[in-house]
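S.K.: For reference, the structure I am asking about is given below.
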Amino acid sequence: MSTPPRGKLTLPKLAEMKDRGEKIVMVTAYDAPGARFAEDAGVDVVLVGDTAAMVVLGYDGTTVPVTMDEMLFLTRTVVRSARRPIVVGDMPFGSYQVSDEAAVENAIRFFKEAGADAVKLEGAGPSLSRVRAIVQAGIPVMGHVGLTPQSATMLGGFKTQGKTAEAAVQLIEHALALEEAGCFAVVLEAVPAPVAAEITQRLRVPTIGIGAGPECDGQVLVYHDLLGLTEGHLPRFVKRYASLSREIRDALENYAEEVRSGAFPEEQHSYEMPAEELELFESSIRSPSTSRKSAQATKTSSTAANAQSPAPRSEPPLRKTSSP
Ligand code: KIV
């Protein structure tokens with residue numbers, strides 16, 4: 001068995017955090033800068049979520065279309081920049097539903113090809129045997145119950161789960177079954193706070209809440225939601241800690257305006273050359289021999305260009321770079 005690199009947060013340490021009552025911080029990330037920011041902020045777990053479908057790949061309101069290859073690509077970029085956090089690769093729809101064997105094969109790809117520390121999959125029921133099989137193959141699994149976006153259509157949309165007494169009891173059973181199957185943690189999404197609190201008390205492994213109240217052992221939010229990069233309607237459980245989309249739009253508009261007006265680039269953004277080299281350069285391009293050579297070159301290239309395009313090309317005017 002390989003030993004985790006120095007400073008890496010391990011699964012036993014994550015379990016100890018629950019025992020000590022220390023909150024676990026989890027966030028999603030989909031690229032190297034996001035992973036680096038999460039690392040620098042001291043985040044404990046980085047989830048390369050299949051929410052990538054919506055927040056990165058541009059699919060509207062569904063996580064279903066993202067593929068294994070896309071998830072592996074994103075996970076690799078995160079793994080390269082997140083050293084201390086546990087990196088969890090989210091198994092996309094279709095990668096574990098068909099059989100235990102397919103689930104193990106795809107989990108192995110996350111582990112071996114992308115370097116993830118663990119995988120996450122949604123649901124209980126048929127997912128339980130998938131969890132057992134993947135754990136038996138030596139890959140840690142994070143469970144996910146409550147609102148499971150991959151089956152949002154079956155659940156009647158993106159709705160809070162466990163709102164009736166019967167549904168709440170079933171949620172507890174599902175979470176316990178996932179722990180029993182070998183999950184090292186369970187995500188509780190869009191679950192009433194008292195139900196999530198009860199599950200958290202009953203489980204030995206940590207619960208990570210998203211829209212599941214303050215009693216969970218940890219919390220997770222989607223990177224783009226918490227940073228204000230997502231536009232339009234957001235679920236009630238999201239808290240925005242920044243308004244980056246406004247800042248990005250302002251910055252891009254400013255840039256476009258300055259390029260069009262000529263205000264950018266300024267002197268400090270341009271390169272110079274030593275004055276004597278510039279002088280030499282200018283006199284060499286004006287000397288008859290260079291002019292002849294360049295005229296010859298122009299003639300040859302314009303003959304070639306004329307073969308494709310009838311319009312004659314004029315030489316661009318030479319401009320002197322401004323000195324500071
Ligand atoms: O894919 C994802 O980002 C998730 C979180 C919302 C938990 O599953």
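S.K.: Go through Thr160, Thr153 for me and flag whichever is within 16 Å of the ligand (Cβ to nearest atom), surrounded by fewer than 20 Cβ atoms within 10 Å (Cβ to Cβ) and under 26 Å from the mean Cα position of the chain (by Cα). Working first, answer last.
M.R.: Values: Thr153 fails: within 16 Å of the ligand (Cβ to nearest atom).
Within the list Thr160, Thr153, the selection yields Thr160.
S.K.: Would you mind telling me which numbered condition in (1) more than 14 Å from the ligand (Cβ to nearest atom); (2) of a type in the set (Gly, Ala, Ser); (3) crowded, with 24+ Cβ neighbours inside 10 Å Gly146 fails?
M.R.: The one condition Gly146 does not meet is (1).
S.K.: Among (1) polar (S, T, N, Q); (2) at pLDDT 95 or above; (3) assigned to a loop (DSSP other than H, G, I, E, B), where does Ser129 come up short?
M.R.: Just one mismatch for Ser129, condition (3).
S.K.: Can you find a residue that is surrounded by 19 or more Cβ atoms within 10 Å (Cβ to Cβ), within 19 Å of the chain's Cα centre (by Cα) and assigned to a helix (DSSP H, G or I) anywhere in the range 215-224? Working first, answer last.
M.R.: In the first step, residues of the range 215-224 are kept if they are surrounded by 19 or more Cβ atoms within 10 Å (Cβ to Cβ); the result is 216-224.
Right, trim to within 19 Å of the chain's Cα centre (by Cα) and you get 219-224.
So of that shortlist, the ones also assigned to a helix (DSSP H, G or I) come out as 223-224.
Yes, the range 215-224 contains at least one residue that is surrounded by 19 or more Cβ atoms within 10 Å (Cβ to Cβ), within 19 Å of the chain's Cα centre (by Cα) and assigned to a helix (DSSP H, G or I).
S.K.: If you don't mind, there's one more thing I want to ask. Can you tell me which of Ile199, Ile208 is at pLDDT 95 or above, assigned to a helix (DSSP H, G or I), within 16 Å of the ligand (Cβ to nearest atom) and touching a strand residue (DSSP E or B) at 6+ places or on another chain (Cβ under 7 Å)? Don't jump to the end; show me each part of the working.
M.R.: Working: Ile208 fails: assigned to a helix (DSSP H, G or I).
After ruling out the rest, the residue left standing is Ile199.
S.K.: Do we find that Asp90 is touching a strand residue (DSSP E or B) at 6+ places or on another chain (Cβ under 6 Å), farther than 26 Å from Met154 by Cβ and not aliphatic (A, V, I, L, M) in this structure?
M.R.: Numbers: touching a strand residue (DSSP E or B) at 6+ places or on another chain (Cβ under 6 Å): yes; farther than 26 Å from Met154 by Cβ: no; not aliphatic (A, V, I, L, M): yes.
Here the answer is no, as Asp90 does not meet what is asked.
S.K.: Does at least one position in the range 246-269 carry a residue that is aromatic (Phe, Trp, Tyr), more than 16 Å from the ligand (Cβ to nearest atom) and free of Cβ contacts under 8 Å to residues at least 60 places away in the same chain? Even if it seems obvious, please write down each step before you answer.
M.R.: Applying the first criterion (aromatic (Phe, Trp, Tyr)) to the range 246-269 yields 255, 264.
If we keep only those that are more than 16 Å from the ligand (Cβ to nearest atom) as well, we get 255, 264.
Filter once more, keeping what is free of Cβ contacts under 8 Å to residues at least 60 places away in the same chain: 255, 264.
Yes, some residue in the range 246-269 is aromatic (Phe, Trp, Tyr), more than 16 Å from the ligand (Cβ to nearest atom) and free of Cβ contacts under 8 Å to residues at least 60 places away in the same chain.
S.K.: Sticking with this one: Just one of the numbered conditions (1) assigned to a loop (DSSP other than H, G, I, E, B); (2) among the hydroxyl-bearing types (Ser, Thr, Tyr); (3) more than 24 Å from Pro206 (Cα to Cα); (4) within 14 Å of the chain's Cα centre (by Cα) is not true of Tyr30; which one?
M.R.: Of everything listed in (1) assigned to a loop (DSSP other than H, G, I, E, B); (2) among the hydroxyl-bearing types (Ser, Thr, Tyr); (3) more than 24 Å from Pro206 (Cα to Cα); (4) within 14 Å of the chain's Cα centre (by Cα), Tyr30 misses just condition (3).
S.K.: In the range 295-304, is there at least one residue being more than 16 Å from the ligand (Cβ to nearest atom), at pLDDT 95 or above, over 30 Å from Val87 (Cα atoms) and of a type in the set (A, V, I, L, M)? Steps first, answer last, please.
M.R.: If we filter the range 295-304 for residues that are more than 16 Å from the ligand (Cβ to nearest atom), which is where we start, we get 295-304.
Cutting the leftovers down to at pLDDT 95 or above gives us none.
Within the range 295-304 (the criterion being more than 16 Å from the ligand (Cβ to nearest atom), at pLDDT 95 or above, over 30 Å from Val87 (Cα atoms) and of a type in the set (A, V, I, L, M)), the answer is no, since none of the residues qualifies.
S.K.: Before we move on, is Leu188 within 21 Å of Met17 (Cβ to Cβ), away from the ligand (no atom under 16 Å from the Cβ) and either of a type outside the set (Gly, Ala, Ser) or within 24 Å of the chain's Cα centre (by Cα) (or both)? Spell out the reasoning first.
M.R.: Numbers: within 21 Å of Met17 (Cβ to Cβ): yes; away from the ligand (no atom under 16 Å from the Cβ): no; either of a type outside the set (Gly, Ala, Ser) or within 24 Å of the chain's Cα centre (by Cα) (or both): yes.
Against the criterion (within 21 Å of Met17 (Cβ to Cβ), away from the ligand (no atom under 16 Å from the Cβ) and either of a type outside the set (Gly, Ala, Ser) or within 24 Å of the chain's Cα centre (by Cα) (or both)), Leu188 does not qualify.
S.K.: Here's another thing I want to ask about it. Can you spot a residue in the range 82-99 that is in contact (Cβ under 8 Å) with a residue 12 or more places away in the chain, part of a helix (DSSP H, G or I) and buried (at least 24 other Cβ atoms within 10 Å of the Cβ)?
M.R.: Within the range 82-99, none of the residues are in contact (Cβ under 8 Å) with a residue 12 or more places away in the chain, part of a helix (DSSP H, G or I) and buried (at least 24 other Cβ atoms within 10 Å of the Cβ).
The values are calculated or read from the model by the stated rules, or taken from the named source; none is laboratory data. Just so it is clear, the model here is predicted, and its values are computed rather than measured. Here the Cβ is made from the backbone with ideal geometry for all residues, glycine too, and neighbour counts use every protein chain on show.
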